[in-house]
Amino acid sequence: MRSSPSTRTVCAQCLSRGRYFSTTIQRRTQQSGTTNPPSPPATGYARLTNRGLISITGIDSTSFLQGLITQNMLVTNDPNRATRRTGSYTAFLNSQGRILNDAFIYPLPQAEGTSPDELAWLVEVDKNEVASLMKHLKKHKLRAKLKLRALDDGERTVWASWKDHSEPRWAAYNLDSQSLSPFALSSATVTGCVDTRAPGFGARLVTPGAEDLRTHLAEEGEVSGSEVGLGTYTVRRMLHGVAEGQSEIIRESSLPLECNMDMMRGIDFRKGCYVGQELTIRTHHTGVVRKRILPVQLYEGSQEGLASADTPVYDPSVEVGLPPSGSNISKVSARKGRTAGKFLGGVGNIGLALCRLEMMTDVALTGEPTQYSPDQEFKVSWTGAEDGSSESGEVKIKAIVPPWTREHIYNGGVKKNHDRNHEMDSKRARELLEELEELEEEETSRRND
């Protein structure tokens, strides 16, 4: 048995480095200062300084993006192939169908476009990935008539805004709308879209300059609450099970459906060819997605003390050791075997992980028995060499399936496939029975003759 946290000590050298053993929970007082960000408010907005912007202008900008991203740049089922005029969540893939970058696409205000008839676009990506995405775009540009430019810091600002009480489910957002924004914006220089990555997750907005969001939307009802820090937004994002950026959506490793982009409305399965389409479509129509990114609870001791909830319980006063991104998840008290998933990132006592559903959760993807047991605990262990420190650590981890994720898995795929398979099996059984009956009748007829 482990001793209680109150009986443990941490050396002064470790305290000076601001690093704690993962086996120790530090409940910090107001005197020592809490380093974890506060819990997210029900309404608020945050300046996303970790995101960068690329502008794509020119007569071929729409067709250029159409061949590179998972989202459809054209109005669905329009015989005239009209250009969609709304922003959305999407991804850039490599030729093997792995994610290069998760992104948002926004229409640039018309005044900045190349012509009244053609829209120009803003691409929002992980700020650390702007250079690599620019290289990818230039590689596919060829003779397309367009200009690519990475925006400077302060030229435009990306914001996340939310009102939890007003959007209990996925917001109704028509991607085929003729409006440049789903909001009644008075400023022609502001663009944005509804963030469809989780129910009621809020909105994404891009404003000119570095001024506060309310400077541009002072008379609008779209912004509520006060501004919070990037850390608080990250906590809210992880509580909703939303991964963002290539520190969590590993570049050239993650599959779109494993990152929940199918339920986040980031993929149009009906559009034409684009880079990486083949594997994505095949997985959607014929494959079973056995791994998905889920929110996780980090804890120590027994899981009996964990609250039963649809989302992790974030406590900013609790500090546990955070494993390096990409660390393997394994069963507690079990021989070394197949990994249960990979830890992607965390804040305080919550995080995100790519989890094997039938091992870490009660989700059953097929009619066969699963490896899941409610009493089985999981852990992440790491050594100092993995995270660049001289320390090693271990922390327990519990995967949590949000209700909207469970609903999508069953209603959008598993149950439908089960029903379809059951109907096919029943039909085949009836056909075999009819064939046997016909053979028996023919055999009886021959005997009588």
*Hey, any hits in segment 131-145 for a residue that's open to solvent by less than 20 Å² (accessible area, probe 1.4 Å), polar (S, T, N, Q) and modelled with pLDDT of 95 or more?*
no
_Odd one out for residue 319, checked against (1) without any contact (Cβ under 8 Å) to a residue 12 or more places away in the chain; (2) crowded, with 17+ Cβ neighbours inside 10 Å_ = (1)
*Restrict the check to segment 89-108 and report whether at least one residue is more than 20 Å from residue 269 (Cβ to Cβ) and either part of a helix (DSSP H, G or I) or hydrophobic (A, V, I, L, M, F, W, C) (or both).*
yes
*Output for segment 256-273, where each listed residue is on the phi < 0 side of the Ramachandran plot, out of contact with any helix residue (DSSP H, G or I) (no Cβ under 7 Å at 6 or more places or on another chain) and not small (Gly, Ala, Ser)*: 258, 259, 261, 264, 268, 270, 271, 273
*Among the residues of segment 73-95, write down those that are buried (at least 22 other Cβ atoms within 10 Å of the Cβ) and modelled with pLDDT of 95 or more.*
89, 90, 91, 92, 93
_Just to confirm my filter: which strands (runs of 3 or more DSSP E) fall fully inside segment 297-368 and include at least 1 residues that are more than 28 Å from residue 233 (Cβ to Cβ)?_
328-331, 350-356
*Restricting segment 274-290 to residues that are crowded, with 17+ Cβ neighbours inside 10 Å and not aliphatic (A, V, I, L, M), which is modelled with the lowest pLDDT?*
283
*For residues in segment 115-130 being in contact (Cβ under 8 Å) with a residue 60 or more places away in the chain and of a type in the set (D, E, K, R), which is most open to solvent (accessible area, probe 1.4 Å)?*
127
*Residue in segment 348-370 that is least open to solvent (accessible area, probe 1.4 Å), counting only those that are hydroxyl-bearing (Ser, Thr, Tyr) and touching a residue at least 60 places away in the same chain (Cβ under 8 Å)*: 361
*Restricting attention to segment 360-370, report how many residues are of a type in the set (S, T, N, Q) and touching a strand residue (DSSP E or B) at 6+ places or on another chain (Cβ under 8 Å).*
1
*Answer yes or no as to whether residue 98 is open to solvent by 30 Å² or more (accessible area, probe 1.4 Å), of a type in the set (Lys, Arg) and over 20 Å from residue 284 (Cα atoms).*
no
*Hey, could you check segment 44-68 for residues that are within 21 Å of the chain's Cα centre (by Cα) and of a type in the set (Ser, Thr, Tyr) and say which is surrounded by the fewest Cβ atoms within 10 Å (Cβ to Cβ)?*
49
*Are any of the residues in segment 69-84 in a strand (DSSP E or B) and under 22 Å from the mean Cα position of the chain (by Cα)?*
yes
*Residues of segment 146-163 being buried (at least 17 other Cβ atoms within 10 Å of the Cβ), modelled with pLDDT under 95 and of a type outside the set (Gly, Ala, Ser), which ones?*
146, 162, 163
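The values are calculated or read from the model by the stated rules, or taken from the named source; none is laboratory data. Predicted, not measured: the structure shown is a model, and the values here were computed from it. Note that each Cβ is placed from the backbone with ideal geometry, even for glycine, and that neighbours are counted across all protein chains shown. All accessible areas refer to the heavy atoms of the entire protein, side chains included, with ligands and DNA or RNA removed. Shrake-Rupley method; radii C 1.70, N 1.55, O 1.52, S 1.80 Å.
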